[in-house]
Amino acid sequence: MMKLKPLADRVVLKQNAAEERTSSGIFLTASAQEKPEVYEVVEVGPGGMVDGNEVKMIVKAGQQVLVGKYTGTKVKLDEEEYTIVRQGDILAVIE
């Protein structure tokens, strides 16, 4: 199994599953399921100097984060889909 190791200030994310039911219990078809923009942090780069500025990584693997709808680069590895973003593209950490 291959592993993604992000460089500099990049973060590897995995999107949380879409809701399969509404709050009232109605099952949704795959096309009606809206994918949330909530992701789990899988792997975090080391930070360091990025574009002449020191970047300290503050997100950690396992955290739930919120990112913009069209943010990052999608990659598929071992049948799993991941998104790679810069730490600065993460809008919020969900606690």
If the label point sits 7 Å along Cα→Cβ of residue 43, residues of the range 61-91 with amide N under 16 Å come out as 61-63, 73-87
Here the net charge surrounding residue 49, from other residues whose Cβ is less than 12 Å away from its Cβ (Lys, Arg +1; Asp, Glu -1), is -2
Taking 74-80, 40-46, 53-59 and ranking on average Cβ neighbours within 10 Å, highest first, one gets 40-46, 53-59, 74-80
So, with points 7 Å from each Cα along the Cβ direction, the residue 56-residue 7 label distance in nm works out to 2.5
Within the under-12-Å Cβ sphere about residue 72, not counting residue 72, Lys/Arg +1 and Asp/Glu -1 give a net charge of +2
Once the in-chain neighbours fewer than 8 apart are removed, the lysines whose Cα is under 22 Å from residue 74 read 3, 5, 14, 35, 60
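Every read-out reported here was derived from the displayed coordinates using simple, explicitly stated rules and does not represent laboratory data. Everything numeric here is computed off the predicted structure, so don't read it as measured data. Quick reminder, even Gly has a Cβ in these numbers, built from the backbone with ideal geometry, and neighbours come from all protein chains shown.
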